[in-house]
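Q: My structure is below; once you've seen it, I'll send some questions.
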Amino acid sequence: MKTSELFALNEWLSSFPDNRTYAQIIDMLDADDWSHEDLSVWETVEDCPLSQIAEFIENTRVHFERVTNFSVVNALRDMVALASENRPDDEFAVEFDLRLNSAVKTLKAWE
């Protein structure tokens, strides 16, 4: 299970089966004949329809991923800029360039 999924589930559920996927747990909440003893919601949302709690969980997951992505991209940009400004001119330059190029590729993948 992805970190964002686990975070979102923990925000809205007080317990859930650890042998199920995120999608399976969301499906459990969306099921019309819901009766799972190993899944419970936090007291603050116990009066909400389970489909709404599933929506809360999904919105939390998406928000977590956006915030995390934003933070990672900014950190990578700062690292690439700092590394570019401090490139060595000695025998370590080739290895440095390889690592810097790898960081640039990672940054592009996250953007």
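The values are calculated or read from the model by the stated rules, or taken from the named source; none is laboratory data. All of these numbers come straight from a predicted model, not from anything done at the bench. Methodologically, a virtual Cβ is constructed for each residue, glycine included, from the backbone with ideal geometry; neighbour enumeration extends over all protein chains shown.
Q: Can you name the residue in the stretch 77-102 that is part of a helix (DSSP H, G or I) and of a type in the set (K, R) and, of all such residues, is farthest from K2 (Cα to Cα)?
A: R99
Q: Starting from the stretch 36-52, keep only residues that are in contact (Cβ under 8 Å) with a residue 12 or more places away in the chain and within 19 Å of A23 (Cβ to Cβ), then list their pairs with residues that are of a type in the set (F, W, Y) and exposed (fewer than 14 other Cβ atoms within 10 Å of the Cβ) whose Cβ atoms are within a distance under 9 Å, requiring at least 6 positions of separation or different chains.
A: L50/W34
Q: Between a residue in the stretch 80-96 that is among the hydroxyl-bearing types (S, T, Y) and any residue that is in a helix (DSSP H, G or I) and surrounded by 11 or more Cβ atoms within 10 Å (Cβ to Cβ), which pairs come within a Cβ distance under 7 Å, given they are 6 or more apart or on different chains?
A: S84/L100
So that you can scan it fast, the table gives a plain yes or no per residue for (1) of a type outside the set (D, E); (2) closer than 30 Å to K108 by Cβ:
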residue: Y22; (1), (2): yes, yes
residue: I26; (1), (2): yes, no
residue: E46; (1), (2): no, no
residue: F64; (1), (2): yes, yes
residue: N69; (1), (2): yes, yes
residue: R77; (1), (2): yes, yes
residue: S84; (1), (2): yes, yes
residue: A93; (1), (2): yes, yes
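Per-residue answers, yes or no, for (1) assigned to a loop (DSSP other than H, G, I, E, B); (2) at pLDDT 95 or above; (3) in contact with a helix residue (DSSP H, G or I) (Cβ under 6 Å, 6 or more places away or on another chain):
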{"site": "D32", "(1), (2), (3)": "yes, no, no"}
{"site": "S35", "(1), (2), (3)": "yes, no, no"}
{"site": "D38", "(1), (2), (3)": "yes, no, no"}
{"site": "T44", "(1), (2), (3)": "no, no, no"}
{"site": "Q52", "(1), (2), (3)": "no, no, no"}
{"site": "N59", "(1), (2), (3)": "no, yes, no"}
{"site": "R66", "(1), (2), (3)": "no, no, no"}
{"site": "F70", "(1), (2), (3)": "no, no, no"}
{"site": "A75", "(1), (2), (3)": "no, no, no"}
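Q: Quick one: count up the residues across the stretch 7-30 that are in contact with an Asp or Glu (Cβ under 9 Å, 6 or more places away or on another chain), of a type in the set (F, W, Y) and not in a loop (DSSP other than H, G, I, E, B).
A: 1
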